[in-house]
Amino acid sequence: MTGHPVRHRTAVHGLTSRTADFLVLPERTAKPRRRGVSHVLDNGMSAAEAELRLASAAPSIDVWKFGWGTAYIDPALDAKLELLAEHQVLACTGGTLLEVSWQQGVADRFMDWAESVGFPCIEVSCGSVAIPRDEKDKMINTAASRFVVLSEIGVKNPDAAPSATQWGADARADLEAGAHWVVTEGRESGTVGLYDPAGEVRTEIVDVVVSAVGLEAVLFEAPRRAQQAWLIRRYGANVNLGNIPPADALAVETLRLGLRSDTIGTFPPSGGTPAGLEESR
């Protein structure tokens, strides 16, 4: 995030073909990008629905995750992978699928399968299965030579007390092993890991993880509007956001651009720094 709003035509964002250019909006990165990423969670939608979602918001979507193990049983997998490639959206497997594969001793076969069907991206996680640190490192390192790797930190158990120090150490280790982005666990509910049971952000974890690996390497799972808005107000339009419902992709873009009440005024026309961003650097 440069912090400098600019006047431009909407085509710069790639959102539509219209030419409205009368607003001052924050500068957005362009695809393919490492920061400013929007990562959506497919919970098993049909190919027809995926096509409609991509038709309306593909320029705002960077990564499309087939949630949990849905990729393994989705009858529309081939059609959806083809659609995503056409729209330049990275298709990604859910971390649970790799965890189950590792548990059954077939992680190598999983990677062969993922590559053969056309996934450019996979998630490596240990949120449901307790995978030792050295084993996770090996999987990330192996996968990084074949895929864009998203590695997830944190666990899905709502009773587990998260340690900010441990999250920071895990984030560093995942990047050193070869991960492209580190994903902070929040689940599709937004009430686990990075968030308390009420959905409030655990700011100490955010601060430690960003300090450990830098903002552009972190992808925050943020399924709720309030969570997305909090992160945008703190870190600017080009914070990486994940687990967005596909139907909300365009709405999240309006949050990034200050075109929704939750973030109006976040980006001053004079080009000032969003509140909270300066101290995060």
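Would you check if there is a residue in the range 23-44 being among the polar types (S, T, N, Q) and at pLDDT below 95?
Taking the range 23-44 first, the residues among the polar types (S, T, N, Q) are 29, 38, 43.
Applying the additional criterion that residues be at pLDDT below 95 yields none.
No; the residues of the range 23-44 include none that is among the polar types (S, T, N, Q) and at pLDDT below 95.
Provide a single number: the residues in the range 46-74 that are more than 15 Å from the chain's Cα centre (by Cα), part of a loop (DSSP other than H, G, I, E, B) and either of a type in the set (Asp, Glu) or buried (at least 19 other Cβ atoms within 10 Å of the Cβ) (or both).
Here the count works out to 1.
Of the residues 189, 211, only one is under 17 Å from residue 35 (Cα atoms) and touching a residue at least 12 places away in the same chain (Cβ under 8 Å); which? Explain how you work it out, then say what you get.
Numbers: 189 fails: under 17 Å from residue 35 (Cα atoms).
Matching residue, one of 189, 211: 211.
Tally up the residues in the range 112-133 that are more than 30 Å from residue 192 (Cα to Cα) and within 21 Å of the chain's Cα centre (by Cα), please.
So the count comes out to 2.
Take the residues in the range 232-247 that are of a type in the set (A, V, I, L, M, F, W, C) and farther than 16 Å from residue 40 by Cα, then tell me which one is surrounded by the fewest Cβ atoms within 10 Å (Cβ to Cβ).
Applying the filter and picking the extreme gives 237.
Please find, among 265, 258, 272, the residue that is more than 15 Å from the chain's Cα centre (by Cα), on the phi > 0 side of the Ramachandran plot and modelled with pLDDT under 95.
Values: 258 fails: modelled with pLDDT under 95; 272 fails: on the phi > 0 side of the Ramachandran plot.
On inspection, the qualifying residue turns out to be 265.
Let me confirm something: among 88, 104, which residue is more than 16 Å from residue 31 (Cβ to Cβ), at pLDDT 95 or above and of a type in the set (S, T, N, Q)?
Unique residue meeting the criteria: 104.
Could you please give the count of residues in the range 188-212 that are surrounded by fewer than 19 Cβ atoms within 10 Å (Cβ to Cβ) and under 17 Å from the mean Cα position of the chain (by Cα)?
3
The values are calculated or read from the model by the stated rules, or taken from the named source; none is laboratory data. Everything numeric here is computed off the predicted structure, so don't read it as measured data. Positions of Cβ are backbone-derived with ideal geometry, glycine not excepted, and every protein chain shown enters the neighbour counts.
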